[in-house]
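Below are the structure tokens for one structure; questions will follow.
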Amino acid sequence: MRICSGEVRGAQLKAPGKSSVRPATSMVKQAIFSILNSNDARWSRVLDLYAGSGALGIEALSRGASWVDFVEQNRKCCDTIRDNLRRTETADRAHVYGSSVEKAIAFLSDSYDVIFADPPYSYPSTELLDRLAESELLEGGSMIVLCHANRFPLKEGYGSLHLIKQRRYGDSFIAIYLMEEQAC
């Protein structure tokens, strides 16, 4: 696993050993960031849910994100993320939370420009999108990038979140949701 672009381009990332983590392929990562760039995504604050190795969040740091919060329940994965942050010299712009995503959504209080969510493919992503749409983690213009299997059909919208792109890469699907701007 390597970082595709930005200040730490080419950096080799460590993957958690013998776990159920399924890191996004380089092709999927490049597609995600291409879609985000074509939609003028802001990069100041990023949240990486179900972070695994931290590859998506570290890619965002490499491409100019000011801060990334990583949420991962598996302790070995958290250690791997911290190691990858040290390897890429980006640890000073990140924090790793060893927590379930459900708990993190409840206790995190900042809003984010981009939220990456790459849950296990057996997880019903519709529940996650419902929770995020109701949370304080999003503001007008925030984007959610959801990597998922096609087992659970997604809706066009969840509250103020609206689907703007959906792509398939092998058995991986990417759905991008945008939080609409609130009228004054």
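The values are calculated or read from the model by the stated rules, or taken from the named source; none is laboratory data. Since this is a predicted model, take the numbers as computed values, not measurements. When we count neighbours, we look across all protein chains shown, and the Cβ atoms used for this are built from the backbone with ideal geometry, even at glycine.
Within the range 70-111, can you find the residues that are within 23 Å of S5 (Cβ to Cβ) and part of a helix (DSSP H, G or I)?
Result: T80, I81, R82, D83, N84, L85, R86, R87, A91, D92, R93.
Quick one: K165 ticks every box in (1) touching an Asp or Glu at 6+ places or on another chain (Cβ under 9 Å); (2) of a type in the set (K, R); (3) assigned to a strand (DSSP E or B) except a single one, so which number is it?
The number of the failed condition is (1).
State whether one or more residues within the range 44-56 are under 21 Å from A11 (Cα atoms), aromatic (F, W, Y), buried (at least 20 other Cβ atoms within 10 Å of the Cβ) and under 13 Å from the mean Cα position of the chain (by Cα).
Checked against the condition, which is being under 21 Å from A11 (Cα atoms), aromatic (F, W, Y), buried (at least 20 other Cβ atoms within 10 Å of the Cβ) and under 13 Å from the mean Cα position of the chain (by Cα), the range 44-56 yields no hits at all.
I've got another one for you. Would a scan of the range 111-132 turn up a residue that is small (G, A, S), surrounded by fewer than 13 Cβ atoms within 10 Å (Cβ to Cβ) and either modelled with pLDDT of 90 or more or in contact with a Leu (Cβ under 6 Å, 6 or more places away or on another chain) (or both)?
Scanning the range 111-132 turns up no residue that is small (G, A, S), surrounded by fewer than 13 Cβ atoms within 10 Å (Cβ to Cβ) and either modelled with pLDDT of 90 or more or in contact with a Leu (Cβ under 6 Å, 6 or more places away or on another chain) (or both).
For F152, state whether it is touching a residue at least 12 places away in the same chain (Cβ under 8 Å), aromatic (F, W, Y), surrounded by fewer than 20 Cβ atoms within 10 Å (Cβ to Cβ) and assigned to a loop (DSSP other than H, G, I, E, B).
Answer is yes for this residue.
State whether the residues of the range 48-64 include one that is assigned to a strand (DSSP E or B) and over 20 Å from S99 (Cβ atoms).
The answer is no, given that none of the residues of the range 48-64 is assigned to a strand (DSSP E or B) and over 20 Å from S99 (Cβ atoms).
Answer yes or no as to whether D69 is out of contact with any helix residue (DSSP H, G or I) (no Cβ under 6 Å at 6 or more places or on another chain), farther than 23 Å from I164 by Cα, surrounded by 14 or more Cβ atoms within 10 Å (Cβ to Cβ) and in contact (Cβ under 8 Å) with a residue 60 or more places away in the chain.
no
Out of everything in the range 79-98 that is in contact (Cβ under 8 Å) with a residue 24 or more places away in the chain and in contact with a strand residue (DSSP E or B) (Cβ under 6 Å, 6 or more places away or on another chain), what residue ends up being surrounded by the fewest Cβ atoms within 10 Å (Cβ to Cβ)?
Once the filter is applied, the top-ranked residue is H95.
Select from the range 62-93 the residues that are hydrophobic (A, V, I, L, M, F, W, C) and within 14 Å of the chain's Cα centre (by Cα) and list them in ascending order.
A65, W67, V68, F70, V71, I81 - these are the residues of the range 62-93 that are hydrophobic (A, V, I, L, M, F, W, C) and within 14 Å of the chain's Cα centre (by Cα).
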